[in-house]
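**Student:** The following block contains the structure, expressed as structure tokens.
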Amino acid sequence: MSEEQSVQPNSRQLPAGKIEVAPRAIATITARAVTQCYGVVGMAPRNLREGVAHVLRREDMHKGIEIRVRNEGIEITLSVIVEYGTRIAEVARNVQEQVRYAVESALGMPVTHVHVRVQGLRVSQE
């Protein structure tokens, strides 16, 4: 492999072979990090139907996450439903930090942007 070829941030070339992490795997790491954040009720689908956000089931959480792999790093856009009564800006900032930390520490790959879309507010079911 020549030095001039650009290597995607979701892959590593090692002497034993190439390791590539699929966007779906990155989305799974992201979903787990998001659901552990204070103030997040759950993930919402990227596309709202009829203007109503609903909480995705655990096995469908990847549907609320968009992963873009670019030369400079990984860009993540996610849709969340926030607990009513929390500070939305603080919750979103916490989500950004948690996702960046989780993905970078798990994969050792740079995350350039974490975009958080708050799709709705709900009273927590806890």
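Coordinate-derived values only; no laboratory data. Since the structure is predicted, the reported quantities are computational estimates derived from the model, not experimental observations. No Cβ is skipped: glycine too gets one built from the backbone with ideal geometry, and neighbour counts run over all protein chains shown.
**Student:** At 0.36 nm per residue, and after removing the present C-alpha to C-alpha distance, how many nm does the segment from T28 to E59 gain when stretched out fully?
**Tutor:** 10.2 nm
**Student:** For a test of the definition: using alpha carbon positions, the gyration tensor, and the 1.5 limit on a/c, classify region 11-122 as rounded, prolate or oblate.
**Tutor:** Verdict is prolate for region 11-122.
**Student:** Would you tally the net charge around M43, using a Cβ to Cβ cut-off of less than 10 Å, leaving M43 out, and scoring K and R as +1, D and E as -1?
**Tutor:** +3
**Student:** If neighbour count is taken as other Cβ atoms inside 10 Å, put L121, L78, L107 in order from fewest to most.
**Tutor:** Fewest-to-most ranking of L121, L78, L107: L121, L107, L78.
**Student:** Now for a separate question. In debye to the nearest 20, how big a dipole does region 11-122 give about its Cα centre with +1 on each Lys and Arg Cβ and -1 on each Asp and Glu Cβ?
**Tutor:** 160 debye
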